[in-house]
Amino acid sequence: MTIAWWQILLLTLYAGYQILDELQINSSAGSAVFAGLISGLVMGDLKTGLYIGGMMQLTILGVGTFGGASRIDANSGTILATAFAVSVGMDPKQAMAAIAVPVAALMIQTDILGRFANTYFAHKIDKDVENFEYKKIERHFLMGAISWSLSRMLPVFLALAFGGGLVSKVVGYLNGDLKWLGDGLSVAGAVLPAVGFAILLRYLPVKKHFAYLILGFVITALMTTLFGNIQLLGTSVAGLDKTLVANFNSMPMLAIALIGLALAYISYKRSDADAPKAPQQPQVNNNSEGEIEDDEL
């Protein structure tokens, strides 16, 4: 399967939009999961897109930007990994390790170029503010947004338009002469989400709330076992009775989320109750009625 021109166009346009959404719009359309959703829909394989996007989202759980620091572009990596995985029939785990993560790391360089170009327009806006030229402020602001978009659109377009043949050859080698390397990349791709969790736990106050960590792990395990057995029971009963139309859900994440929300609320109320209260200021009576002034004595 080759990548059609309209698929390249849509994925390129989304690559330019996702960075603007991440910086300004903040509608969650600039996340790795959403990138997998859009890429999967465009390529006609939603399952592969969500799988790669979810894996990349877990990988960067504990990664953030501070100040002017650049981080790996998981969204662009997800777009390219999904497109090539679907087009050349690549294993999603292998695509994540061989394409998504390396591309996301390389995109740091284009992120820096985007920041440099945007700095130029930022200085232009400073002068426009001093001169009260509001139309120029809007114009230079939009030009800065274009530089951000191009920092993602150009690499994604070039990779999709001219990288298909190279990726096909690489996949052929990974599944042929270098099968041992392909299997290793698949294992590495499956382990990467655990790295994201490790980074996240490194920055969370785990020692302070270690009891909640144990509790969350145990509840997750119990809920997964409980709902999994319920689904297995429902499947078995449905096999015996064809009139059974009940749906047995095996996804306990909603129950786990509600339990976590309740525990977080309890912890918040407890910390709010233990917080020292600010001393109350004595009330000042501004009403001068009934008071005796010095000149009246």
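May I ask you to verify whether residue 167 is surrounded by 16 or more Cβ atoms within 10 Å (Cβ to Cβ) and at pLDDT below 75?
Judged against the criteria, residue 167 is a match.
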Selection from the range 121-142 of residues in a helix (DSSP H, G or I) and either surrounded by 14 or more Cβ atoms within 10 Å (Cβ to Cβ) or aromatic (Phe, Trp, Tyr) (or both) yields 121, 124, 125, 128, 134, 136, 137, 139, 140, 141
Could you identify the single residue in 129, 101, 187, 191 that is farther than 13 Å from residue 80 by Cβ and at pLDDT 80 or above? 129
Looking at the range 104-116, can you tell me whether even one residue there is within 17 Å of residue 54 (Cβ to Cβ) and in the same structural domain as residue 193 (by TED's automatic domain parsing)? yes
Inside the range 84-119, the number of residues satisfying the requirement of being without any contact (Cβ under 8 Å) to a residue 24 or more places away in the chain and more than 23 Å from the chain's Cα centre (by Cα) is 2
Residue count, the range 1-44, condition in contact with a helix residue (DSSP H, G or I) (Cβ under 9 Å, 6 or more places away or on another chain), farther than 17 Å from residue 56 by Cα and of a type in the set (Gly, Ala, Ser), comes to 3
Is it fair to say residue 205 is crowded, with 16+ Cβ neighbours inside 10 Å and not polar (S, T, N, Q)? no
For the range 176-186, which positions are out of contact with any helix residue (DSSP H, G or I) (no Cβ under 8 Å at 6 or more places or on another chain), in a helix (DSSP H, G or I) and surrounded by 12 or more Cβ atoms within 10 Å (Cβ to Cβ)? 183, 184
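The values are calculated or read from the model by the stated rules, or taken from the named source; none is laboratory data. Note that the coordinates shown come from a computational prediction; the quantities given were computed from them, not determined experimentally. As a convention, Cβ positions derive from the backbone with ideal geometry for all residues, glycine included, and neighbour counts pool all protein chains shown.
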